[in-house]
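A short reminder: the numbers here are calculations on the coordinates, not readings from a lab. A quick note: this is a predicted structure, and the numbers were derived from the prediction, not measured. All Cβ positions, glycine included, derive from the backbone under ideal geometry; neighbour counts span all protein chains shown.
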Amino acid sequence: MSKYIANENRYEKMKYNKVGNSGLKLPAVSLGFWHNFGDNDKYSTMEEMCFTAFDNGITHFDLANNYGPAGGSAEKNFGRIFKEHFKPYRDEMIISTKAGYLMWAGPYGDGGSRKYLTASLNQSLERMGLDYVDIFYHHRMTPETPLEETMCALDQIVKSGKALYAGLSNYDGPTLEKATAILSELKTPFIINQNRYNILDRTIENNGLKATSTKLEKGIICFSPLAQGLLTDRYLNNIPEDSRIKKDGRFLKEKNVTENREVLLKLNDIAAARNQTLAEMALAWILKDSDITSVLVGASRPSQILANIKALENTTFTKAELDAIDKLTVRG
Ligand code: NDP
């Protein structure tokens, strides 16, 4: 028997946003399993993070086939947590996974083929011990696969009942538009885009994704909203031993801190003048925008999840604040 009983006040403070023009709502803050849920991480910390998130209204947990390391281990660990504690709450949870990056050897474990997507989702469901996921994403554009094949695979997956909704991740505006045309014709419930978006990375403002998604009435969930920790107080003075850079620097490196520190310190001053931490301001900056459904944060400990939810307390910015942030961070 699980020791976990969800907090009965869990829905009181969280805000829930409609995903585009669909009937689904997601919490304004969602939790991702890319880091800190692999084989090298402590199981009890993973459990505590899931409890803290769910107890505070974070109903959405985001995974992918390859999260780890090793690939698959985040889904396996989540599956154990789910089986031990969350089974009674399945209908209150939105669980997503993805396929698109390299997962297994040979020609069928990478990309966008119908073979890969179908086989990968079957593996993910088995690792997580689920009958279905709520959202299944194609993880990246794969120009070598006909778009129609990938979209028909997503359609079939949803219609088979193994996923309730389809999503696209890391697509750009023009490809999103073509994909949506196919999915609309098939009447596939494609509802959401997952892309990187934060104060330091404006790619979706420039590649058409943000405007096209809004035009097509799709949702956007933003990954790495804290730029993997850069947009927090973590690296303002030094590089702590227990930080992502020191523990698992595959994607975030010391040079990213060095290159950005001056800007981060100035952003921190703007946040302080708003009575926010840098992390709170970074999340609030994304959530001020009605095009955005949710910020998809990562965390290495429960206290970070609580700190991030505080961002919801003030998501309003003055023009002067926005201009000051843009002046520091928009290039060209
Ligand atoms: P973030 O930008 O939120 O970075 C998370 C990291 O920031 C944490 O691990 C922690 O670092 C630090 N942090 C978080 N909150 C705080 C706080 N309040 N104060 C201080 N430090 C804090 O997101 P991620 O890069 O982790 O990405 C989030 C999720 O997005 C992933 O788990 C995944 O689900 C999804 N994603 C999707 C991708 C895609 O291609 N679709 C690609 C990448 C991510 P530390 O460990 O140093 O404590």
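Nearest-5 percent of antiparallel DSSP beta bridges in the chain?
Of the beta bridges lying entirely in the chain, close to 10 percent run antiparallel.
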Check your understanding: Once the Cβ-Cβ distance between Ser22 and Lys246 is put in as r, and R0 is 45 Å, what FRET efficiency do you end up with, to the nearest 0.05?
Key -> 0.65
Review point. Using modelled amide H (1.01 Å from N, peptide plane; none on Pro or chain starts), what sits under 5 Å from the amide H of Ile191, excluding residues fewer than 5 places away?
Key: Ala166
Revision key, fill the gap. Given pairs Lys218/Lys310; Lys210/Lys310; Lys25/Lys162; Lys247/Lys310; Lys15/Lys178 and cut-off 28 Å on Cα-Cα distance, the over-length ones are Lys15/Lys178
Check your understanding: With labels modelled as points extended 7 Å from the Cα through the Cβ direction, what inter-label distance (nm, one decimal) is found for Arg261 paired with Asp233?
Key -> 1.8 nm
Exercise for review: Provide the per-residue ³J(HN,Hα) series for the stretch 227-242, in order, calculated from phi with Karplus coefficients 6.51, -1.76, 1.60 and θ = phi - 60°, each as a whole number of Hz, with x at glycine and proline positions.
Suggested key: 6, 6, x, 4, 8, 9, 7, 4, 10, 5, 10, 8, 10, x, 4, 8
Exercise for review: Classify the stretch 18-166 as rounded, prolate or oblate, taking a ≥ b ≥ c as the square roots of the eigenvalues of its Cα gyration tensor: rounded when a/c is under 1.5, otherwise prolate if a/b is larger than b/c and oblate if not.
Suggested key: oblate
Revision key, fill the gap. Calc'd 3J(HN,Hα), the stretch 200-206, phi into Karplus 6.51 cos²θ - 1.76 cosθ + 1.60 (θ = phi - 60°), Hz, glycine/Pro = x, comes to 8, 10, 9, 3, 5, 6, 9
Exercise for review: With a point put 7 Å past each Cα toward its Cβ, work out how far Lys159 is from Asn122 in nm, to one decimal.
Suggested key: 1.9 nm
Revision key, fill the gap. Using alpha carbon centers only, the stretch 3-55 is separated from the stretch 216-230 by a whole-angstrom value of 16 Å
Exercise for review: Please sort 200-213, 318-331, 62-75, 253-266 by packing, taking for each peptide the average over its residues of neighbouring beta carbons within 10 angstrom, highest first.
Suggested key: 62-75, 200-213, 253-266, 318-331
Review point. What residue among Phe223, Phe86, Phe136 shows peak mean-square fluctuation when the chain is described by a Gaussian network model with Cα springs under 10 Å?
Key: Phe86
Point to revise | Ranked packing of 291-300, 232-241, 137-146, 185-194, most packed first, by mean Cβ within 10 Å | key: 291-300, 185-194, 137-146, 232-241
Point to revise | Listed peptides 104-113, 43-52 by packing density, highest first (mean Cβ within 10 Å) | key: 43-52, 104-113
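Would you please classify the overall shape of the stretch 122-202 from the alpha carbon gyration tensor, given that a ≥ b ≥ c denote the square roots of the eigenvalues, rounded means a/c under 1.5, and beyond that prolate means a/b larger than b/c while oblate covers the rest?
It comes out oblate by the Cα gyration axes.
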Check your understanding: Loop-only check: which trypsin sites (Lys or Arg not before Pro) in the stretch 30-135 are DSSP coil with at most 11 other Cβ within 10 angstrom?
Key -> Lys42
